[in-house]
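S.K.: Just passing along the structure, written as structure tokens.
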Amino acid sequence: AAVRRVLLLGEGNFSFAASLCGAPGTCLVATCYESEEEACGRGGAAENIRRLREGGAEVLFSVDCTKLKDYFLPGKRGFDCICFNFPHCGRKAGVVKNRELLAHFFHSSAEVLAEEGEVHIALCNGQGGTPADQPRREWHNSWQVVAVAAGAGFILSNVHPFEAETIHGYKCTGYRSQDKSFCLKGALNHVFTRSTPLPCFKPLSCEVELERRKVSFQVPQVLVDKFNRGFLELNSNHPVRTIKEKLTAELSQAFPLQDSDCCLSLLHQGHLNGVCHSNVFWITLSPEETPSTEVVPNGVANAVLSSHTEICRDRDRNGWGNVQEGHRNSYQYCLRPSLLPYAQAVIQRGASLPGTLYVLSGPVFRKCLITPSSMPVFHEMVFACAVDRGTENSCIQMLVKNIESSIRALHQTVSSFKLSISLEEVTNFGTAELSDFAALESQLSDIDSLIRVETETSSSCVGIVRTDHDELESSELVAVFASLNLDLLAMLACGIADWRMLWTSDSRFLCQFPRGELRLFKTFSLYPPSYVHDVSFWVPDGEQFDEVAFHTIARQVSGEMVTSIQLLDSFQQPETGRKSLCYRLTFQSCDKALSCQEAAEMQLLLREEIKQCLAVTLR
């Protein structure tokens, strides 16, 4: 078995180190800040040091935790675990000084820690400033440990009580730099791991085959990391694919089933009736370009890195949002916002067999406001069936019943929480009453019912059902459609609180679902820090401010790190009629370390982008 290398810092009387001495499979290096003479003056230290040396541990003195690489040659670094129990600047140092100590320590640790290593920091009750502290201190009066660690690229992956009484022979010391103990009641051990770095996305080009010619387009920058992820491919272990497969298997027991995924294009030509133009990603095609990528025969786009050195952006402010009437001819294609039009096309072909359930699935793309459940891209699964007129209600009941039983079975596999699934008839509604998922579907077509799933903590609309009596040429047949948001179902089944986690590049997500097995997800980034910034500006005279475009820019410049945008104030100048808006943005990552400085840089970039793209005047 591999030997685990452990580095202990800031040892007082070395009693903690002595308790670990001789542990099987552990190579121990124990250090303290004082000289050997000063350290041995603490009660019991000399005996503990002797035990450590006899047990084969290495003991070092006068080690500064902020300059660790100075004490270890490159071949002696790569520690699997670095432990620092109750760090303190000494005497009556306040929270600011101790935050600075932790900041330097984390940066220093990053230079000697193994890639998969852990940093353990034990803090007294309240010092960390996380919700794990009971009672919790006000943020400004704490050591802000998660924010400080984020500055060096670390995330908090675990926190548990520091149980001193279970550590044989341990005696805390060092209260105000003296050989005195201090209160350990409520103390916590914080376990930090390395974060994957914040992404720096290069421009991406995509090539598709349309009407037997190769065309390419620039992928909207906000979606670059969402293209070609392959969640639904055969070799994928992603829970979204598992959900799809289990739903398909369940429904195949009740219906003849036919998969129709292979012919779906990423691009939709023309305009979708009723769909607001600010809700879709319009694409400008470049047929004159000859990208080096191979074209997939079925028309599904194959993405490649563009050779362009900068993002090709339409600086016309309308390029981000509403397309004016005069500009629509230059925006003939959009990224598909739904698979419903494709399902309608399958049914309309005339070759569809009555009673056969046609299944389509794939990612769809929509511009939307930033809310906890708003997804600019998600995997949609659409069912379409032509049935004899008069039998559509029984078909819907059978379809929904099987979807319900599938969802219930999925949820019971991983969770003991109660689940309630209901089919709500939709009558006179406004889009505000619908989830973000159902709102755009209602623009595409009239919805008959919503499929809603309720757990003990949340309620989500995961699907819609509709019938169309005029879809088919035959007056004897009626078309029945159902659409499901696979991403929402995966979140509900596996207890994933943030949709962004489904798209993480961190291997600690997918490793929790081996061979596609559904399990209750355990987050690897606890209590991520959040940062608040405000922005205010004058909107162009006589124009309606495009809020969806504003939110889309915020998504792009932050790499989906903006979790909330609130309108704080709206002011109209009486003399001129000019309108000023003030928004509050909250920056927070669900899976990566986000530092205060990085959030501030994102805010500055946001200011520049809205000035350029939305023609606002910053205040």
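The values are calculated or read from the model by the stated rules, or taken from the named source; none is laboratory data. Remember, predicted model here, so these are calculated numbers, not experimental data. Here Cβ is always computed from backbone atoms with ideal geometry, including for glycine, and neighbour counts include all displayed protein chains. All accessible areas refer to the heavy atoms of the entire protein, side chains included, with ligands and DNA or RNA removed. Shrake-Rupley method; radii C 1.70, N 1.55, O 1.52, S 1.80 Å.
S.K.: By its C-alpha gyration tensor, with a ≥ b ≥ c as the square roots of the eigenvalues, how is segment 1-66 shaped: rounded for a/c under 1.5, else prolate for a/b larger than b/c, else oblate? All intermediate terms of the calculation are to be shown ahead of the outcome.
M.R.: On the way: a/c = 2.50, a/b = 1.48, b/c = 1.69.
Cα axes put segment 1-66 in the oblate bin.
S.K.: Kindly write out, for segment 605-615 in residue order, the coupling ³J(HN,Hα) from the Karplus curve 6.51 cos²θ - 1.76 cosθ + 1.60 (θ = phi - 60°), rounded to whole Hz, with x marking Gly and Pro.
M.R.: For segment 605-615, the Karplus curve yields 5, 4, 4, 5, 5, 6, 5, 6, 8, 10, 6 Hz.
S.K.: Keeping all protein chains in place and using 1.4 angstrom, which order do VAL3, VAL539 fall into by accessible surface area, from largest down?
M.R.: VAL3, VAL539
S.K.: Which shape class applies to segment 44-141: rounded if a/c is under 1.5, otherwise prolate when a/b exceeds b/c and oblate if not, where a ≥ b ≥ c are the square roots of the Cα gyration tensor eigenvalues? Mind showing how you got there, number by number?
M.R.: On the way: a/c = 1.97, a/b = 1.53, b/c = 1.29.
Judged from the Cα gyration tensor, segment 44-141 comes out prolate (a/c at least 1.5, a/b above b/c).
S.K.: Let me ask another. So how compact is segment 175-258: Cα radius of gyration and Dmax in angstrom?
M.R.: In Å, with Rg to one decimal and Dmax whole: 25.9, 81.
S.K.: How much of the accessible area of segment 531-618, probe 1.4 Å, is carbon plus sulfur, in whole percent?
M.R.: Carbon and sulfur: 46 percent of the exposed surface of segment 531-618.
S.K.: Please state the charge dipole magnitude for segment 4-194, taken about the Cα centre, from unit charges on C-beta atoms (+1 on K and R, -1 on D and E), reported in debye and rounded to the nearest 20.
M.R.: Dipole size: approximately 340 debye.
S.K.: If you don't mind, there's one more thing I want to ask. Tell me the relative contact order for segment 531-618 as a rounded percent, counting alpha carbon contacts under 8 Å between residues six or more apart. Could you put the intermediate results ahead of the total?
M.R.: Details: 125 pairs, mean separation 36.8, N = 88.
Relative contact order of segment 531-618: 42 percent.
S.K.: Now a separate question. Give the percent of DSSP beta bridges with both residues in segment 4-194 that are antiparallel, rounded to the nearest 5. The partial results should precede the final answer.
M.R.: Working: 13 of 31 bridges.
DSSP beta bridges in segment 4-194 are roughly 40 percent antiparallel.
S.K.: Can you list residues whose amide H is under 5 Å from GLY362's amide H, if they're 5+ apart or on another chain and H is modeled 1.01 Å from N?
M.R.: Close amide H contacts, sequence-distant or interchain: GLU380.
S.K.: Using only alpha carbon pairs under 8 Å that are at least six residues apart, calculate the relative contact order of segment 3-160 and give it in whole percent.
M.R.: Relative contact order, segment 3-160: 21 percent.
S.K.: Per residue of segment 377-390, in order, report the coupling 6.51 cos²θ - 1.76 cosθ + 1.60 (Karplus, θ = phi - 60°) as ³J(HN,Hα) in whole Hz, putting x for Gly and Pro.
M.R.: Once rounded to whole Hz, the list reads 8, 7, 9, 9, 10, 10, 10, 9, 8, 9, 10, 5, 4, x.
S.K.: Pull up the cross-link candidates among the lysines for LYS592, meaning alpha carbon to alpha carbon under 18 Å and not fewer than 8 places away within one chain.
M.R.: LYS592 reaches LYS226, LYS522.
S.K.: If you build the convex hull over the alpha carbons only and average its shadow over all orientations, what do you get for segment 4-194? Give it in nm² to one decimal.
M.R.: One quarter of the hull surface, i.e. the mean projection, equals 10.0 nm².
S.K.: Could you please put LEU520, LEU102 in sequence from largest to smallest accessible area, using a 1.4 Å probe?
M.R.: From most accessible down to least: LEU520, LEU102.
S.K.: Compute, for CYS89, the solvent-accessible surface of its heavy atoms (probe 1.4 Å) with the complete set of protein chains present, and express it in square angstrom to the nearest 10.
M.R.: CYS89 exposes around 70 Å² with every protein chain in place.
S.K.: Just to be sure I understand: if I project the alpha-carbon convex hull of segment 531-618 onto a plane and average over all orientations, what area do I get in nm²?
M.R.: 5.4
S.K.: Whenever you get a sec, compute what percent of the accessible area on segment 4-194 sits on carbon and sulfur atoms (1.4 Å probe).
M.R.: Percent of accessible area from carbon and sulfur atoms in segment 4-194: 49.
S.K.: Taking amide H positions as placed in the peptide plane 1.01 Å from N, state which residues far from ARG137 in sequence (5 or more) or on other chains have amide H under 5 Å from it.
M.R.: GLY129
S.K.: Could you tell me the accessible area of HIS277 in Å² (1.4 Å probe, neighbours in place), rounded to the nearest ten?
M.R.: Accessible area, nearest 10 Å²: 30 Å².
S.K.: While we're here: Report the accessible area of LYS67, computed with a 1.4 Å probe over the heavy atoms of all protein chains in place, in Å² rounded to the nearest 10.
M.R.: For LYS67, solvent-accessible area is about 110 Å².
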